[in-house]
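Beneath this line is the structure, given in structure tokens, with notes to follow.
The values are calculated or read from the model by the stated rules, or taken from the named source; none is laboratory data. In this text, all values refer to a predicted model and were calculated from it rather than measured experimentally. Cβ placement follows ideal geometry from the backbone for every residue including glycine, while neighbour counts extend to all protein chains displayed. Ligands, DNA and RNA are excluded from the accessible area calculation, which covers all protein heavy atoms including side chains. Shrake-Rupley method; radii C 1.70, N 1.55, O 1.52, S 1.80 Å.
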Amino acid sequence: GGIYIVNPNATDGAIKPWDPNSPYFDDTLCKANFPLMALSYGQRAVHCDPTVAGQAPAAQWTPAAVASLDPNTGTAAATPFKWVRITRKSNLAGSPQCDGTNATCAAGTYPYAVDPAAYTANAADNRYVCWTGTQQVLLPATYTDCMTPPLGGDAYRPVFLLTAYANVPVPGTTGSERTLSMEVADDPPLNVKGAVVSNDVINTVGSSAGFIGQDNCNCKCNSSGVCTNRVGGGTCTSGYNAITTSQTVNSSGNPTVTSPLPMPSPQPAGCTTAGQGACAESQNVSPFPYDVNSLISRFKNQTGTINAATSQQPVISGQSPYNLSCSGSPVSCGTVSTGQFGQVPSNFGTLQTDGTPTGNINQTTYVPGNLDLQAHNSGSGILVVDGDLIVHGGITFYGLIIVKGAITFTGGGSGGGSNIIGAVLAGQSAQADTLGGSAQFQYDSCALANSQTGQAPHVLATREIEY
């Protein structure tokens, strides 16, 4: 199905795009190959003919139009579009049907389908389409919908087709027509697979650090790292390895490390202390699956991101503007003491027990260079550091921390330890990441899901419909 948003002027009366007798009949709907509507495609390169059986939706469509919110709707000043159709995209929806006159494709095939190979003459595969963040794919067989992955899978987002019809009156004619189509999708949240993920050697120092790969969104874990399912009880199997790296893990001491996944056997290549500490619950991946530079560019430029070097206004009530002074080569943004990079959930102290955060937790903050956090800092949402990050005095953070270079947690200091619920992603390729002090890291998929809250849909394609 779908939705029509209609936009009449002062003289149109009711606009019914599904009605063959309407002057604004949707004569492109039969070309869209929507599942279950069973409309006849008709002749290639020719508009749908409302007088031909099967080329008009007739009783299949329930008249429940939605009026446009354009302030001039229903008046002589109405913008001359008549309707916009919103529908889900399926495998065949974005492709014309080949009639065999083109030597490059056989009759009845769809050469520009998302997956042409999935379509055969005996079994037309017209599954709905999902957006992965980088490409369109057919809804995987193991998914119930694009946004609900199986255990260990990635959450995608549905692709929508927006089709707009405009008609500008021309004296003595039926008007000048134009039909445009656009494919859009929300970008899915970044799914960082691990509490700490790095593109370099990871050094864990001392026994005070803790790494929990169980998903705090679905698992309740105690201070000893024992986790149970929040809904049904029992052992929690949701989450990933506590540490994921493209290089090696050097475990000095014996930090608390747990993961819902079986301990790798044999130990990942490069583990210098087999079966001990962080080495026991880590996973090596090669090549590194994250383009950190592209991710930084994405979050830096998305709507609503706060640039800490230029922010002139407090983001949180009572908070001073950031106005960091960033200069030099490499760029350094200096030190921040007791900074607030977003509003930490008011129930952060019990979040690993009750699981649901409270407060405004969707801020994205961009720091355009190296950053040294001293005393105790806090925040939520996404913190993007376009350089190295050193945490001297502790940090309390709910969400995702992305660091272009190296990241070091030393703990101690007047601010005490660090507690990160979400994930940390570091892209350093030359200097090892050091995780020590009393830093605690727990993976949380709900914290990562906030990354796209309030963002406009991503435009995947636009085209004018001409036939």
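Observations on the model:
- Take the Cα radius of gyration of the chain and divide it by 2.2 N^0.38 Å, N being the number of residues; the result is 1.19.
- Expressed as a whole percent, the accessible surface of region 86-215 that belongs to carbon and sulfur atoms is 57, based on a 1.4 Å probe.
- Close Lys pairs in the chain (alpha-carbon distance under 25 Å; sequence gap of 8 or more, or different chains): 9.
- Extension reserve of the residue 335-residue 44 stretch, reckoned as 0.36 nm per residue once the Cα distance is removed: 98.3 nm
- The chain, accessible area per residue, ligands and nucleic acids excluded (1.4 Å, Å²): 44
- Within the chain: Cβ-based charge dipole about Cα centre, in debye rounded to nearest 20 (Lys, Arg +1; Asp, Glu -1): 240
- For residue 12 and residue 463, the difference between the fully extended length at 0.36 nm per residue and the C-alpha to C-alpha distance is 159.7 nm.
- Among residues other than residue 213 with Cβ under 13 Å from its Cβ, the summed charge is -2 (Lys and Arg +1, Asp and Glu -1).
- Over region 234-364, relative contact order from alpha-carbon pairs under 8 Å, at least 6 apart, %: 17
- Ellipticity estimate at 222 nm from DSSP helix runs (n ≥ 4, -39,500 (n - 2.57)) divided over the chain, nearest 500: -1000 deg cm²/dmol
- Each residue, residue 350 and residue 141, gets one label point 7 Å from its Cα in the Cβ direction; the gap between the two is 4.6 nm.
- Relative contact order %, region 185-292, counting alpha carbon pairs below 8 Å whose residues are six or more apart: 29
- Contact order, relative form, for the chain: 13 percent (alpha carbon pairs under 8 Å, 6 or more residues apart, mean separation divided by residue count).
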